[in-house]
Amino acid sequence: MPNLVIFGETMVELSKATDELYKKGFAGDVHSVALYLKRAALAEDVKAYLMCACGQDLSGDQLIDTLHEQNIQSDLTLRHPDRTIGLYMVNTDANGERSFDYWRSTSAAKETLELLEQQGNNKLLDLKPDVFFFSGITLAILSDESRSKLWPLLEQLREQGCDILFDPNYRARLWNNDLDKARGEFEKAFKLSTTLLPSLEDVEMLYGITKFEASAKKLLELNPTATLLIKDGPNGMLYRDESEQFHLTVTPVEKVVDTTAAGDSFNGSFLAARAMGKDVRESLTFAAAIAAEVIQHRGAVIPLEPYTQARDAAL
């Protein structure tokens, strides 16, 4: 029974439905990963746990109900007595590129690890998860003190045989444009993870490297045993583990509507396919097909009907 834990921040998302109306949902990078994981992995024995925090209020109740509707486990979705869930608004331009406005300064998710510690870290460790996924956005919202709690937790998970996956998902604004700070924290994550999932753009912003092979070389200097999956949107991806390395091309989407959750849907779909026993190439091809469908719709969570058609065609 694969147990997959996805750690980070879920937020209320307001995305444009029409020129005058915004649609409310729950999203954020890790929530989208968990959602697309469970949309693909329908079997009950593949369990996706969203490890985050929300308030003891109506929004928190609605989040828990939404997770149950999405077949996402809420055992690690902790309730904060004083804080509430954050909120963001998505706007997209004519080319489908997005911009965000955030209201998250008192987000409960910033203190997820403190809440977990209060309840006993064994709530996570006793699950003995097969996969633990987190992102650079996860790291960015945490305080220095909170991040210091994460590193030994990752070491304990690795000792249990857990596959630690890290997607840098670098957002300069979340680090107050302090590249040195972000790079230092990312490198701790690179070294403690077993699988690295950066975009080529992440590596370029962090290290000024623009080529697949040079990016792989840099990441392997930091973690020689890591499995690498370096993604570059319509230009395909580079995969490397201890037994093989290859480039995978993808078919570019003709009309991009909204790139929100492109990488997150890819990550969740890849995790799902692997959990269902697909090999690496099959899993990457499936994930690329889902991401291609997602970016043809507005918002992070696309309607179920077009998703199901894309999933069934790709599996």
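For segment 225-260, the candidate set comprises residues that are under 17 Å from the mean Cα position of the chain (by Cα) and over 17 Å from SER215 (Cα atoms); within that set, the residue that is least open to solvent (accessible area, probe 1.4 Å) is THR260. Mind checking which residues of segment 172-198 are of a type in the set (A, V, I, L, M, F, W, C), out of contact with any Asp or Glu (no Cβ under 6 Å at 6 or more places or on another chain) and not in a helix (DSSP H, G or I)? If the condition is that a residue be of a type in the set (A, V, I, L, M, F, W, C), out of contact with any Asp or Glu (no Cβ under 6 Å at 6 or more places or on another chain) and not in a helix (DSSP H, G or I), then LEU196 is the only one that fits.
Given the conditions (1) modelled with pLDDT of 95 or more; (2) open to solvent by 30 Å² or more (accessible area, probe 1.4 Å); (3) closer than 28 Å to ALA94 by Cα, which single one is not true for GLU213? If we test GLU213 against (1) modelled with pLDDT of 95 or more; (2) open to solvent by 30 Å² or more (accessible area, probe 1.4 Å); (3) closer than 28 Å to ALA94 by Cα, just (3) comes out false. Hey, among LEU200, LEU196, LEU192, LEU174, which residue is among the hydrophobic types (A, V, I, L, M, F, W, C), more than 22 Å from GLY233 (Cβ to Cβ) and surrounded by 15 or more Cβ atoms within 10 Å (Cβ to Cβ)? Exactly one residue qualifies, and that residue is LEU192. If you go through segment 261-294 and pick out every residue that is more than 16 Å from the chain's Cα centre (by Cα), under 14 Å from ALA310 (Cα atoms), open to solvent by less than 30 Å² (accessible area, probe 1.4 Å) and among the aliphatic types (A, V, I, L, M), you end up with 1. For segment 218-240, the tally of residues that are of a type in the set (Val, Ile, Thr) and under 13 Å from VAL203 (Cβ atoms) stands at 1. Taking each residue of segment 229-247 that is farther than 15 Å from PRO168 by Cβ and looking for partners that are open to solvent by 50 Å² or more (accessible area, probe 1.4 Å) and polar (S, T, N, Q) with beta-carbon atoms closer than 6 Å, six or more apart or interchain, yields GLY236/THR249. Of all the residues that make up segment 199-218, how many are in a helix (DSSP H, G or I), among the aliphatic types (A, V, I, L, M) and without any contact (Cβ under 8 Å) to a residue 24 or more places away in the chain? The qualifying residues number 1.
In segment 132-144, the residues that are within 13 Å of THR10 (Cα to Cα) form Cβ pairs under 7 Å with partners that are of a type in the set (D, E, K, R) and part of a strand (DSSP E or B), at six or more places apart or across chains, as follows: SER135/ASP167.
The values are calculated or read from the model by the stated rules, or taken from the named source; none is laboratory data. Treat the numbers as computed from the prediction; the structure is a model and nothing was measured. Neighbour counts are summed over all protein chains in view; Cβ atoms, including those assigned to glycine, are modelled from backbone coordinates with ideal geometry. Ligands, DNA and RNA are excluded from the accessible area calculation, which covers all protein heavy atoms including side chains. Shrake-Rupley method; radii C 1.70, N 1.55, O 1.52, S 1.80 Å.
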